[in-house]
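Student: Quick one: the structure is below, questions incoming.
The values are calculated or read from the model by the stated rules, or taken from the named source; none is laboratory data. All of these numbers come straight from a predicted model, not from anything done at the bench. Cβ coordinates were reconstructed from backbone atoms using ideal geometry, including for glycine residues, and neighbour counts include every protein chain displayed.
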Amino acid sequence: MISELRITDLGVISEATIEPHPGLTVVTGETGAGKTMIVTGLGLLLGSRADPKAVRTGADRARIEGAFQLTDPALAERVAAVGAELEDGPDGVREVLVARDVTPAGRSRAYLGGAQVPVGVSADITADLVTIHGQTEHVRLAEADRQRQLLDAFAGPAALDPLGHYGTLWGEARSARAELTRLRAESQSRAREADLLRFGLSEIDRVGPQPGEDAALAAEAVRLQTADDLRLAAQAAMVALAGSDDEAGGVLAALHDARRALEPAGRQDEKAAALGARLTETGYLLTDLTADLARYLDDLDSEPGRLEQIAERRHQLAALTRKYGTTCDEVLAWSAESATRLGQLESSDDRIAELTARLEELDAELAGLAARISTARREAAGRFSALVQTELAALAMPHATLSFETRVAEPGPYGGDQVDLLFSAHPGSEPRSLGKVASGGELSRIRLALEVVLAAGREPRTLVFDEVDAGVGGKVAVEIGRRLAALARHTQVVVVTHLAQVAAFADRHYVVVKSDDGRVTTSGVRAVSDADRAAELARMMAGLETTESALAHAGELVQLASASRSPRG
């Protein structure tokens, strides 16, 4: 329930505050005064798309704030879970403040209990608290989907529970069917791709490249091709270190002589001894180096035909690197990726079989659920139609007939039924689809009758009607006011109306007042006191000039409505 609504700089409204009654609250005003902005503001709190043009000219933002009472503990927990702060309202009921800002640049921000949240998060909360029936509801009421939604809402869990499960399975089946269609359509291209991958993997497997093999062979080939030069260089280095075979000399001989020359001094001086030790260590290192040079020379004695073997192997590897990568490492990487891809392609047939089997299971489950949904709809259709027809009789349509017709249709996301709301306003006329035969005034009454019946079987929530009395007047308008008052006994109702006959039934009455200084039009909202009710109703009936007859008629309306007014305080 809404305990307070505050609007700032939205449309022609500069600033307005209303405190809706727990029962029936009406908002009236001259055409163009801005009373529809009340509904627009509530719509923004419910997450509707923000229109930057709705920001009042010259204002830096429009702001809408609503205080909502949370009687459902589970909903209060959801609000607290997003970081919102709850406040104590009247009678100990928790309240949450919801706000929405809109700037002329089109930026929009939502706040829940003082915490900034995504608009969708705020909308999820408020959607469980308020339902707005705008002027487009007449058009929607003529649509088959909307009529099905109304019937399902009346049927309750008997239809909604299997319908929820049905929707989940329908989505899974649709995805599975799309994947199966794609796999079957791509079967030829998958087969071609798999053959190409098998050929490439087989070719690589025959050659058997090793990581870094191409680089290693290239280095070995260079070494073999320059073996003579390398041998001469190594031999010269060995001669320099150890001398030639036919004469002693070289660095090692000189080092030996240096060590012997220093030995006597080492026995007399520690520093000389340390230098001698370094000479000895250097000798060991040079001896090891000489041995390594000898082994290097032995390795340079190439085996016969090795260069030809390397050339042949490099030719085999080049055949792979032309196709699958520029190096052996890239060829091996391609091989690993292709093996994975080939596994996926070869498993497609298994996936097709798996999807086919799953779709058979899903179709059987969906058929069972659709049958349950259809049964619930047919059972609810007669009761719903009878109750709505009773309401229509109370709305000055005693001869009208209205019925929900359910026909078997191609299965869809909401079951296997085609729901059509048939209507006839007069005896003897054949019932036809509602949208084809009902007038605007009849649609207004049907819409209200449906809502009255639905309200009796669901959790209380705020219902907002914008121009629910469109296209009617006189006694019919009185009956609409009476039914709104009856509806308000069960739930909070806010009505934007231009008819005094409807406004007379209000528990609380607000009027949107427009002022114009010649440059800017400004609207505000004021509460109509009980003492001023008759005068305001008379003004609505007679226009700007309030006549005695209008006052008298208004007084009669007030007396008539007092018996039907909601007993809520």
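Student: Please indicate, with yes or no, whether at least one residue in the range 59-67 is within 19 Å of VAL12 (Cβ to Cβ), small (Gly, Ala, Ser) and surrounded by fewer than 17 Cβ atoms within 10 Å (Cβ to Cβ).
Tutor: yes
Student: Further question: Just one of (1) among the hydrophobic types (A, V, I, L, M, F, W, C); (2) buried (at least 16 other Cβ atoms within 10 Å of the Cβ); (3) assigned to a loop (DSSP other than H, G, I, E, B) trips up ALA105, so point out which.
Tutor: (2)
Student: Could you list all residues from the range 328-348 that are touching a Leu at 6+ places or on another chain (Cβ under 9 Å) and more than 17 Å from PHE199 (Cβ to Cβ)?
Tutor: CYS328, SER348
Student: Now for a separate question. I need the full set of residues from the range 372-395 which are over 34 Å from the mean Cα position of the chain (by Cα) and either more than 20 Å from ARG432 (Cα to Cα) or aromatic (Phe, Trp, Tyr) (or both), in order please.
Tutor: GLU379, PHE384, ALA394, LEU395
Student: A further question follows. For the range 272-325, give me each residue that is surrounded by 16 or more Cβ atoms within 10 Å (Cβ to Cβ) and small (Gly, Ala, Ser).
Tutor: Once the filter is applied, which keeps residues that are surrounded by 16 or more Cβ atoms within 10 Å (Cβ to Cβ) and small (Gly, Ala, Ser), the range 272-325 yields GLY276, GLY283, GLY325.
Student: Out of curiosity, is ASP91 acidic (Asp, Glu), touching a residue at least 24 places away in the same chain (Cβ under 8 Å) and more than 14 Å from GLU4 (Cα to Cα)?
Tutor: Working: acidic (Asp, Glu): yes; touching a residue at least 24 places away in the same chain (Cβ under 8 Å): no; more than 14 Å from GLU4 (Cα to Cα): yes.
Spelling it out, it is not the case that ASP91 is acidic (Asp, Glu), touching a residue at least 24 places away in the same chain (Cβ under 8 Å) and more than 14 Å from GLU4 (Cα to Cα).
Student: Next question, about the same structure. Taking the range 402-448 as the search range and keeping residues that are outside any strand (DSSP E or B) and of a type in the set (D, E, K, R), which one is farthest from the chain's Cα centre (by Cα)?
Tutor: GLU430
Student: What do you reckon, is ASP124 more than 30 Å from GLU405 (Cα to Cα) and acidic (Asp, Glu)?
Tutor: Numbers: more than 30 Å from GLU405 (Cα to Cα): yes; acidic (Asp, Glu): yes.
In short, yes.
Student: Please go through (1) touching a residue at least 12 places away in the same chain (Cβ under 8 Å); (2) more than 30 Å from THR327 (Cα to Cα) for GLU270 and return the number of the only condition it doesn't satisfy.
Tutor: Going through (1) touching a residue at least 12 places away in the same chain (Cβ under 8 Å); (2) more than 30 Å from THR327 (Cα to Cα) one by one, GLU270 breaks only (1).
Student: Would you confirm whether or not the range 224-234 contains a residue that is under 30 Å from PHE199 (Cα atoms), more than 60 Å from the chain's Cα centre (by Cα) and polar (S, T, N, Q)?
Tutor: Looking only at the range 224-234, we keep the residues that are under 30 Å from PHE199 (Cα atoms), and these are none.
No, the conditions are met nowhere in the range 224-234.
Student: Are there any pairs, at least 6 apart or on different chains, whose C-beta atoms fall under 8 Å, with the first in the range 26-48 and buried (at least 24 other Cβ atoms within 10 Å of the Cβ) and the second of a type in the set (Asp, Glu), and if so, which?
Tutor: THR28/GLU536
Student: Based on what the data block shows, is GLU354 more than 28 Å from LEU487 (Cα to Cα) and surrounded by fewer than 17 Cβ atoms within 10 Å (Cβ to Cβ)? Before you say what the answer is, go through the steps one by one.
Tutor: Numbers: more than 28 Å from LEU487 (Cα to Cα): yes; surrounded by fewer than 17 Cβ atoms within 10 Å (Cβ to Cβ): yes.
Judged against the criteria, GLU354 is a match.
Student: Which of the residues spanning the range 420-449 are exposed (fewer than 15 other Cβ atoms within 10 Å of the Cβ) and among the charged types (D, E, K, R)? Walk me through it before giving the result.
Tutor: Taking the range 420-449 as the starting set, the residues that turn out to be exposed (fewer than 15 other Cβ atoms within 10 Å of the Cβ) are 426-430, 432, 436, 439-440.
Passing the criteria: GLU430, ARG432, LYS436.
Student: While we're here: What are the residues in the range 458-493 that are farther than 17 Å from LEU395 by Cα, at pLDDT below 85 and either assigned to a helix (DSSP H, G or I) or under 31 Å from the mean Cα position of the chain (by Cα) (or both), if any?
Tutor: Of everything in the range 458-493, those that are farther than 17 Å from LEU395 by Cα, at pLDDT below 85 and either assigned to a helix (DSSP H, G or I) or under 31 Å from the mean Cα position of the chain (by Cα) (or both) turn out to be ARG458, GLU459, PRO460, ARG461, ASP466.
Student: Being among the basic types (Lys, Arg) and closer than 19 Å to LEU230 by Cβ is true for just one of ARG306, ARG322. Which residue is that?
Tutor: Criteria check complete, one pass: ARG306.
Student: Right, something else. Out of ARG100, ARG56, ARG109, report the one residue that is of a type outside the set (A, V, I, L, M), closer than 18 Å to ILE7 by Cβ, in contact (Cβ under 8 Å) with a residue 12 or more places away in the chain and touching an Asp or Glu at 6+ places or on another chain (Cβ under 6 Å).
Tutor: Details: ARG100 fails: touching an Asp or Glu at 6+ places or on another chain (Cβ under 6 Å); ARG109 fails: in contact (Cβ under 8 Å) with a residue 12 or more places away in the chain.
Residue meeting the stated conditions: ARG56.
Student: Within the range 59-86, how many residues are more than 16 Å from THR40 (Cβ to Cβ) and either under 25 Å from the mean Cα position of the chain (by Cα) or modelled with pLDDT of 85 or more (or both)? Talk me through it step by step, then tell me what you get.
Tutor: Kept after step one, since they are more than 16 Å from THR40 (Cβ to Cβ), are these residues of the range 59-86: 60, 67-86.
Cutting the leftovers down to either under 25 Å from the mean Cα position of the chain (by Cα) or modelled with pLDDT of 85 or more (or both) gives us 60, 67-70, 74-86.
Result for the range 59-86: 18.
Student: Could you list, in sequence order, all residues of the range 237-273 that are within 17 Å of ALA291 (Cβ to Cβ) and assigned to a helix (DSSP H, G or I)?
Tutor: Result: ALA237, MET238, VAL239, ALA240, LEU241, ALA242, GLY250, VAL251, LEU252, ALA253, LEU255, HIS256.
Student: How about the range 39-79: which of its residues are of a type in the set (A, V, I, L, M, F, W, C) and over 14 Å from THR131 (Cα atoms)?
Tutor: Just the residues of the range 39-79 that are of a type in the set (A, V, I, L, M, F, W, C), to begin with: 39, 42, 44-46, 50, 54-55, 59, 62, 64, 67-68, 70, 74-76, 79.
Across the range 39-79, the qualifying residues are ALA50, ALA54, VAL55, ALA59, ALA62, ILE64, ALA67, LEU70, ALA74, LEU75, ALA76, VAL79.
Student: Still on this model: Determine if the range 322-341 includes at least one residue that is assigned to a helix (DSSP H, G or I), closer than 30 Å to PRO211 by Cβ, at pLDDT below 90 and outside the structural domain of VAL222 (by TED's automatic domain parsing). Talk me through it step by step, then tell me what you get.
Tutor: First pass over the range 322-341, keeping only residues assigned to a helix (DSSP H, G or I): 322-324, 328-341.
If we keep only those that are closer than 30 Å to PRO211 by Cβ too, we end up with 322-324, 328-341.
Subset that is at pLDDT below 90: 341.
If we keep only those that are outside the structural domain of VAL222 (by TED's automatic domain parsing) too, we end up with 341.
Checked the range 322-341: at least one residue is assigned to a helix (DSSP H, G or I), closer than 30 Å to PRO211 by Cβ, at pLDDT below 90 and outside the structural domain of VAL222 (by TED's automatic domain parsing).
Student: Right, something else. Quick check: is even one residue across the range 522-533 at pLDDT below 80, over 26 Å from ARG489 (Cα atoms) and surrounded by 17 or more Cβ atoms within 10 Å (Cβ to Cβ)?
Tutor: Scanning the range 522-533, I find at least one residue that is at pLDDT below 80, over 26 Å from ARG489 (Cα atoms) and surrounded by 17 or more Cβ atoms within 10 Å (Cβ to Cβ), so the answer is yes.
Student: Now for a separate question. Determine if the range 386-395 includes at least one residue that is outside any helix (DSSP H, G or I) and buried (at least 19 other Cβ atoms within 10 Å of the Cβ). Steps first, please.
Tutor: Our first condition is that a residue be outside any helix (DSSP H, G or I); within the range 386-395, this holds for 395.
Next, only the ones that are buried (at least 19 other Cβ atoms within 10 Å of the Cβ) stay: 395.
Yes, the range 386-395 has at least one match.
Student: Quick check, is ALA153 part of a helix (DSSP H, G or I), buried (at least 20 other Cβ atoms within 10 Å of the Cβ), among the small types (Gly, Ala, Ser) and touching a residue at least 60 places away in the same chain (Cβ under 8 Å)?
Tutor: Numbers: part of a helix (DSSP H, G or I): yes; buried (at least 20 other Cβ atoms within 10 Å of the Cβ): no; among the small types (Gly, Ala, Ser): yes; touching a residue at least 60 places away in the same chain (Cβ under 8 Å): yes.
So ALA153 fails the test.
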